[in-house]
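Heads up: the structure comes next, in structure tokens.
The values are calculated or read from the model by the stated rules, or taken from the named source; none is laboratory data. Predicted model, so just to flag it, every value in this text is computed and none were measured. Quick reminder, even Gly has a Cβ in these numbers, built from the backbone with ideal geometry, and neighbours come from all protein chains shown.
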Amino acid sequence: MTKETHIVGLDLGTSNITAVIAEMNADGQPEVMGMGVAASRGVRKGVVVNPEAAAEPIRRAVEEAERMSGLTVESVYVSMSGPLLRGINNNGIIAITSPERRITRADIRRVIETACVVTLPGGHEIIDVQPQEYIVDGQDGISDPIDMLGTRLEVSAHIITGPITVRQNVITAVNRAGLLVTGVVLEPIAAAEAVLTSDEREYGSVVINIGSETTSLAVYQRGAVQHTAIFPLGGSHFTNDIAFGVRTPIPEAERIKRDFGCVLSALVVSEGHHVIEVPSMSHRPPRSLSREILCDILQPRAEEILNHVHDELRRSGFDRQLSSGAILTGGGALLRGLSELAEQIFDCPARLGYPLCVSGMTEDINTPLLATAIGLVVVATRGGGTCYYSAQQNSGRLMARTATRMKHWLGNLF
């Protein structure tokens with residue numbers, strides 16, 4: 001099977017690295033053929049800080065997805081995150097100079113390039129560009145102006161910027177795993193592509209992706225992303241709060257959070273009194289913990305994270321423009337009561353974001369945990385994702401991939 005027939009989404013999370021392989025089905029929708037998950041290394045707060053360490057779990061996640069799908073991949077679409085990434089809105093305008101005045105793809109590229117003329121701090125670059133709308137001779141609200149006639153073309157775009165090293169370290173890690181980077185997409189934008197309905201994209205919504213060490217958001221209106229932000233708070237903060245509050249090891253705190261965690265006291269009270277046995281540190285006897293006390297530990301942290309998001313929505317002017325509500329994705333979104341708490345804080349509807357518009361392995365992929373990885377595949381099928389770096393940085397990596405895998409295989413034998 002040729003490499004053009006399948007697409008790989010690679011979500012570089014702080015806790016886990018997830019790879020999803022999909023193909024286009026007869027209806028033009030992505031069908032998931034395989035997936036792989038590996039415990040993450042070399043990633044902190046959504047940023048690759050050690051490419052060498054990150055390369056190994058990337059390779060393992062992709063190889064697991066390959067075994068499941070029976071396919072071999074060479075390139076990936078990859079997510080990017082981190083508090084140092086910023087989103088800005090800017091406009092571009094060009095004249096249509098061809099004699100027939102018909103807008104071409106070359107004109108689209110030119111007008112987007114003019115929108116990308118922005119002032120950046122030293123050592124920063126443009127990472128991704130998301131067109132919001134095109135305007136032809138004053139007519140706005142156009143999503144695809146190809147083949148339209150006009151004399152002037154404008155674009156409004158959401159531009160993701162960040163330190164050059166953030167993108168470089170992602171590419172280095174992926175290349176050292178023997179893979180090429182086809183495109184990069186901001187994490188909440190990828191998640192939104194997987195979970196939003198067309199009405200939610202059109203009438204105003206916010207996607208909130210709660211990862212291990214970061215929470216990111218993307219606001220959608222009029223069919224396009226309007227605002228993005230990333231905060232250094234996430235699911236691991238809940239785990240740390242439990243570990244510190246009840247003096248239990250981190251792995252046990254993670255288990256307690258996953259199995260018994262709830263962030264809305266009203267839900268806990270309605271279920272009656274329940275007691276959890278909590279292992280203690282240093283081989284001491286286990287202790288008892290009520291669900292009410294556990295909620296008292298978790299709810300303030302959930303309120304802090306959601307209030308950070310609400311403050312950002314107020315600051316950007318979108319807090320009263322979310323007719324379609326809030327959609328929660330990522331592992332942190334699985335805490336019971338979080339969507340109900342979000343409704344109280346945002347004063348709008350809220351729901352968990354499950355992947356839409358994909359088929360295959362439906363039981364395995366039907367979780368907010370996989371929204372970003374599946375969203376990357378959806379972006380790729382729609383021709384999205386931008387890589388602002390020279391293709392030469394990927395040169396020779398196909399041969400390097402073979403060498404990397406051979407070295408690993410021989411290492412396992414000997």
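Do you know which of the residues in the stretch 182-241 that are small (Gly, Ala, Ser) and free of Cβ contacts under 8 Å to residues at least 60 places away in the same chain is surrounded by the most Cβ atoms within 10 Å (Cβ to Cβ)? Before the answer, list the steps.
Quick first cut of the stretch 182-241, residues small (Gly, Ala, Ser) only: 183, 190-192, 194, 198, 204-205, 211-212, 216, 218, 223-224, 229, 234-236.
Imposing the further condition that a residue be free of Cβ contacts under 8 Å to residues at least 60 places away in the same chain reduces the set to 198, 218.
Values: SER198: 9, ALA218: 28.
Restricting to residues being small (Gly, Ala, Ser) and free of Cβ contacts under 8 Å to residues at least 60 places away in the same chain, the top hit is ALA218.
From the list ARG60, ARG41, the one residue that fits, being at pLDDT 95 or above and part of a helix (DSSP H, G or I), is ARG60.
Give PRO121, PRO145 a once-over and let me know the one that is part of a loop (DSSP other than H, G, I, E, B) and within 27 Å of ARG101 (Cα to Cα).
Numbers: PRO121 fails: within 27 Å of ARG101 (Cα to Cα).
Just a single option satisfies the conditions, and that option is PRO145.
In the stretch 82-123, the qualifying residues are those that are among the basic types (Lys, Arg) and out of contact with any strand residue (DSSP E or B) (no Cβ under 9 Å at 6 or more places or on another chain), and the one that is farthest from SER216 (Cα to Cα) is ARG105. Elements of the type strands (runs of 3 or more DSSP E) sitting completely within the stretch 234-329 and holding at least 1 residues that are among the charged types (D, E, K, R): these cover 275-278, 287-290.
Within the stretch 340-356, track down each residue that is closer than 21 Å to GLY375 by Cα and either touching a Pro at 6+ places or on another chain (Cβ under 7 Å) or outside any loop (DSSP other than H, G, I, E, B) (or both). Outline the logic, then answer.
Filtering the stretch 340-356 down to residues closer than 21 Å to GLY375 by Cα leaves 350-356.
If the condition is that a residue be closer than 21 Å to GLY375 by Cα and either touching a Pro at 6+ places or on another chain (Cβ under 7 Å) or outside any loop (DSSP other than H, G, I, E, B) (or both), then ALA350, ARG351, LEU352, GLY353, TYR354 are the ones that fit.
For GLY92, the requirement of being closer than 30 Å to THR151 by Cα and of a type in the set (Gly, Ala, Ser) is met.
Scanning the stretch 298-307 for residues being in contact with a strand residue (DSSP E or B) (Cβ under 7 Å, 6 or more places away or on another chain) and surrounded by fewer than 16 Cβ atoms within 10 Å (Cβ to Cβ) gives a total of 0. Picking from residues in the stretch 18-37 that are among the small types (Gly, Ala, Ser) and under 18 Å from THR72 (Cβ atoms), the one that is nearest to the chain's Cα centre (by Cα) is ALA19. So is THR72 surrounded by fewer than 15 Cβ atoms within 10 Å (Cβ to Cβ) and either in a strand (DSSP E or B) or not assigned by TED's automatic domain parsing to the domain that holds ASN209 (or both) or not? Against the criterion (surrounded by fewer than 15 Cβ atoms within 10 Å (Cβ to Cβ) and either in a strand (DSSP E or B) or not assigned by TED's automatic domain parsing to the domain that holds ASN209 (or both)), THR72 qualifies.
Tell me whether the stretch 271-289 contains one or more residues that are under 30 Å from ARG222 (Cβ atoms), touching a Ser or Thr at 6+ places or on another chain (Cβ under 9 Å) and not aliphatic (A, V, I, L, M). Don't jump to the end; show me each part of the working.
Taking the stretch 271-289 first, the residues under 30 Å from ARG222 (Cβ atoms) are none.
Checking the stretch 271-289: not a single residue is under 30 Å from ARG222 (Cβ atoms), touching a Ser or Thr at 6+ places or on another chain (Cβ under 9 Å) and not aliphatic (A, V, I, L, M).
With the requirement that a residue be of a type outside the set (D, E, K, R), surrounded by fewer than 16 Cβ atoms within 10 Å (Cβ to Cβ) and farther than 21 Å from VAL184 by Cβ, what does the stretch 123-147 give you? Across the stretch 123-147, the qualifying residues are GLY138, GLN139, GLY141, SER143, ILE146. If only residues of the stretch 344-370 that are at pLDDT 95 or above and among the aliphatic types (A, V, I, L, M) are counted, the one that is surrounded by the most Cβ atoms within 10 Å (Cβ to Cβ) is ALA350.
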